[in-house]
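This report concerns only the one structure given below.
Please treat every number below as a calculation from the coordinates, not as lab data. These numbers were taken from a predicted model, which means no experiment stands behind them. A quick note on method: Cβ atoms are made from the backbone with ideal geometry, for glycine too, and the neighbour counts reach across all protein chains shown.
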Amino acid sequence: MKFEINAFDGHTKARTGILTTDHGQIKTPIFMPVGTAGSVKGVNQRDLISDVKAQIILGNTYHLFLRPGIETLEMAGGLHKFINWNKPVLTDSGGYQVFSLADNRKLKEDGAHFRSHIDGSKHVFTPENVVDIQRIIGADIVMAFDECTPFPCDVDYARKSMELTHRWLKRGIKRFDETEPLYGHQQTYFPIVQGSVYKDLRIQSAETIASYDRDGYAIGGLSVGEPVEEMYAMIEVVNEILPENKPRYLMGVGTPVNILEGISRGIDMFDCVMPTRNGRNGMLFTKEGIINIKNVKWKNDFSPIEENGASFVDHKFSKAYLRHLIVSKEILGAQIASLHNLSFYLWLVTEARHKITEGTFASWKNEMIHKLAVRL
RNA sequence: GGGGAGAUACCAAAGUGGCCAACUGGGGCAGACUGUAAAUCUGCUGGCGCACGCCUUCGUAGGUUCGAAUCCUGCUCUCCCCA
């Protein structure tokens, strides 16, 4: 997998690049819609391509492993074929579920022992079998199996967890390098930096991760409840160490402002459930600020969802109609809101790329951050 | 015409002497959501100050009682059954 940097902003650490996979090129900085269980919730593949202009989507090892299960995925010929998506896919390893489903699991040296949230059945994820599963899924980018520490997290636990993640990384890389893709397209394996909000741990983790020569590197364990300043500080520390010529992926982030701040600190890839989940719950991100479409003030506002919005739904439907749909819990409301938000996110990173190329990213970013803070 | 049941906040529906400004659900209003166990969750929802408190509420008019949404009487209205 090849990564080529095209331009630096010059005033910040922002840069543009192209990541080339066997399923096509990804222009960075990029936002990757989350499609946990083989679907970007509420958005079909055609709209994802033609309207949202998604270049890559996520899948989740934990969820796909439980349902439909690896047997089905293998029979289908991998996730791409199963869901009929011929652009790149990145799969999270299940490390986040180790965090979010903490009540149902136990961490041991060998891996994470957990019970399915669906039927209570017992399973074990190890750094090795998580690679195997992601081979079967056929993700273009395979994520290391890590522990995403919670916040707050005391320094002793953060260190132990980080060290475990590092030992798991070594095992995961070994398994990955010993095995082959199943479907004829190339796959790559991204390690993940941990270390909670502790600068020394983050440095140590970034150095450890960077000591492996991989196609890209991820930063995990952030945006789990810590103040944003701490998150930004950790990104800065880590990005000083991660190789400049490789893509950097900030996992699970974030708000549009977080993304702009991340780009300006040298992050190339982002993913987050926010545009889809918050969209389903009535929150719209626009160029002029945030809209809670459920608020009564939109009840009789028949203006377009967003003037000059990036999605066709922005001009086709009114705020009043979308409000009605969301308030009435009509499925179409969730679909429209998800399309709108995803289109906005992809517009945001596309615009960021243009501004970086022009060398005007810094001022544009500050202007946008100002607008994005507004509650309409 | 005869017999029976009932009227509680926006709606539905608990409550049958003090623990009731009144359970609960819906609706309404607002908030949360960051590698998705989330089309989910939380709060508020008589008035005024909005913390403590005070004032006015359970069809309506009276009455009994230290005290009533709860007991008694009149009135109004609604529903059901029989003719």
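Using DSSP, restrict attention to beta bridges with both residues in the stretch A:1-151 and report what percent are antiparallel, rounded to the nearest 5.
Antiparallel bridges: around 70 percent, rounded to the nearest 5.
Only Lys, Arg, Asp and Glu count, each charged at its Cβ (+1, +1, -1, -1), so figure out the dipole size of chain A about its Cα centre, rounded to 20 debye.
980
Evaluate the relative contact order of the stretch A:1-151 (contact order divided by residue number), counting alpha-carbon pairs under 8 angstrom at least 6 apart; express in whole percent.
Reported relative contact order: 20 percent.
Given the DSSP H assignment, sum -39500 (n - 2.57) over each helix run of at least 4 residues in chain A and divide by its residue total; what's the result at 222 nm in deg cm²/dmol, nearest 500?
Calculated from helices alone, the mean residue ellipticity at 222 nm is -12500 deg cm²/dmol.
What number in nm² do you get for the stretch A:75-127 if you take the convex hull of its Cα atoms and divide its surface by four?
4.9
Trypsin sites (Lys or Arg not before Pro), restricted to the stretch A:82-134: which are DSSP loop and have at most 11 other Cβ atoms within 10 Å?
Answer in residue order: A:LYS108.
Looking only at the stretch A:111-249, where both bridge partners belong to it, what percent of the DSSP beta bridges are antiparallel (to the nearest 5)?
35
List the relative contact order of chain A as a percent without decimals, with contacts defined as Cα pairs under 8 Å and 6+ residues apart.
Answer for chain A is 19 percent.
Report Rg(Cα)/(2.2 N^0.38 Å) for chain A, keeping two decimals.
So the Cα radius of gyration is 0.96 times the expected 2.2 N^0.38 Å.
Excluding residues on the same chain fewer than 8 positions from A:LYS87, give the aspartates and glutamates whose Cα lies under 12 Å from its Cα.
The reachable aspartates and glutamates, counting only those whose Cα sits under 12 Å from A:LYS87, are A:ASP22, A:ASP140.
Using Cα-Cα distances under 8 Å and only pairs 6 or more residues apart, what relative contact order does the stretch A:73-231 have, in percent?
22
Taking the DSSP beta bridges in chain A as the whole, what percent of them are antiparallel, to the nearest 5?
50
Under 16 Å from the Cα of A:LYS122, which lysines turn up, not counting those fewer than eight places away in the same chain?
A:LYS106, A:LYS108
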